[in-house]
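So the structure is just underneath, and the comments pick up after that.
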Amino acid sequence: MDNPSLTTQILVIDDERDIRDGCERILSRMDCKVFTAVNGLDGLEIINTKDISIVLCDIKMPGIDGIEVLSRIRESNNNVLVIMITGFATVETAIEAMKRGAYDFVSKPFTPDQLRIVVKRAIEKLRLTQETETLRLERERNLADLGTEQSRIRTIIETLPNGVLVTNIMGQVVLLNPVAIKYLGLDASRKTGDKIDTYIRDQGLCDYIMDISKGKYKVTDDIPSYELVLPEERYVLVQSRPVLGAGNECLGAVVNLSDITAMKVFDRLKSEFVAKVSHELRSPLSTIHEQLAMVIKDNSLEHSEDSQYMLGRAKEKTQGLISLIGDLLDLSRIESGNEGQQPIPVQADEIVEKVVEFLIVQAKRKNQSLTFTRPAIPVPSILADPMALESIFGNIITNAIKYTPENGKIIVAIETDNKTISISVKDNGYGMETKHLTRIFEKFYRVKDDNTRFITGTGLGLPIVKSLVEALQGTISVHSEVNKGTTFTILLPVA
């Protein structure tokens, strides 16, 4: 149907010429296009060939009357509005016309205003009908698009290589793809709608997902991950994020499950290889180092200045290799989960004090001040392996001594709030640029500049420290400024 505003096409069927001409003159001024017919058959022919929206039809005409014309129009085109023109304005005639599907009627003789009112009402009816139809088609199109979009999203989710699980704020599972079903060992026909603990046997993972579903974390938080151990030595890394609504409220959680079994196997093989090679190298290197030391000390042999220097450098390099092998073995042991003996209650301040006393001789060789301060209140104990703590503090304080020039100052301090213990190692040494701070805990990464290029090291000390601290459920952070110094801070939970 055409737009019924300025292009409404109207047909007037009446055997009286004056009526036809009068209607045409009045309706043309309403910006309508008017067609006329002298009888019903001519009118039906025009309706079949033109896009007629409104028909004004006389009831009493020669040939077929207006009621018959109305019936035929209704049979072929139900969208045309038919207004009956009658000179016999009886109730029975009006009722009969309305029963046959007429939209309205106007009685002869009628005034131009009466005709305009009736036709305007019909045009408004057409406009509303068209708008309704447009809205209906738009709604159907939107629903079709939505259905297509939902189907597309579901297809994508179901074909993802990772498992996807979505919960609402009550912890009920609302979406579960086939990979997640496989990882969780569920029946392939398992439906959604139940609480998370009916799908997952691991209580720790259930608690992890429930915390995120209820809004414990924000999207910007560093949300921890969870490692799920499956039968037959399979490992799944679980990562989750909260789902937020329009008002930034938590609506639930989306959970991603990734199979990391191959990575675990590779790490184990790598650690085994490193451990095996390191063990094989440690013994011959130690022998070479000892023999070099004997040659240097043997007074019966004459050494030129150059040979003495070369022997000294060889001894220094073999000692570096031995240190590297020791660090590799330590790191391999830590990564395999064998950090050392079982944790026991220990006094961290006493261990730190012993490490400081041991290393103060090394600091004095560089005329450095190495001091240790503890709080006035008693320091609570922590659960840890004493050897691991010695390794942590030994590495950090040794680094401070190495990367602080002569006459420098190093302060080791302990503080506590009875929930955590904070151990800081502060120096006024060379410091580091900000770009290095995010990488110094990577294996073999070392800061190389004019100040540090002659300082030997393996690049494994800080990775070992970080692994040991995390094994104790603690954290390590660093703050540094070039030529001003560096501060390492370790936080450990009390027992």
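Bear in mind that the values in this text are calculations on the coordinates, not laboratory data. Worth saying up front: this structure is predicted, and the values here are computed from it rather than measured. Cβ: placed from backbone, ideal geometry, glycine included. Neighbour counts: every protein chain shown.
Tabulated results
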quantity	calculated
Point-charge dipole on Cβ atoms (K/R +1, D/E -1) for the range 99-240, about Cα centre, debye to 20	1360 debye
Projected label distance in nm at residue 484 and residue 438, using a 7 Å step from Cα toward the beta-carbon	2.1 nm
Hits among lysines - C-alpha to C-alpha of residue 409 under 27 Å, sequence gap 8 or more where chains match	354, 364, 366, 426, 435, 448, 466, 484
Whole-Hz couplings from phi, Karplus 6.51/-1.76/1.60, listed for the range 366-380; x for Gly and Pro	9, 6, 8, 9, 10, 10, 10, 10, 10, x, 5, 7, x, 8, x
Cα centre as origin, Lys/Arg/Asp/Glu Cβ charges: the range 160-259 dipole, Debye	320 debye
Sorted peptide list for 410-422, 439-451, 35-47, 220-232, criterion being average Cβ within 10 angstrom, highest first	35-47, 410-422, 439-451, 220-232
Nearest-0.05 FRET efficiency for residue 234 and residue 254, computed from C-beta distance (R0 25 Å)	0.65
Lys/Arg +1, Asp/Glu -1 at C-beta; the range 20-178 dipole; positive extreme among 110, 43, 87	110
Distant-in-sequence amide H partners of residue 235 (H built 1.01 Å from N, under 5 Å)	230, 260, 261
In sequence order, calculated HN-Hα J values of the range 354-359 (Karplus, 6.51, -1.76, 1.60; Hz; x Gly/Pro)	5, 5, 4, 4, 5, 8
Neighbour-count ranking [beta-carbon atoms within 10 angstrom, fewest first] of 118, 482	482, 118
Amide H contacts under 5 Å for residue 420, placed H, 5+ residues apart	494
Computed magnitude of the charge dipole of the range 411-495 (debye, nearest 20; Cβ of K, R +1, Cβ of D, E -1)	240 debye
In sequence order, calculated HN-Hα J values of the range 97-113 (Karplus, 6.51, -1.76, 1.60; Hz; x Gly/Pro)	5, 5, 5, 7, x, 5, 6, 7, 8, 9, 9, 6, x, 10, 8, x, 5
Calculated diffusion of the range 13-81, Stokes-Einstein form, Kirkwood radius summed over Cα pairs, 20 °C and 1.002 mPa s, µm²/s	175 µm²/s
Amide H within-cut-off set for residue 36, under 5 Å, with H built and near neighbours excluded	12
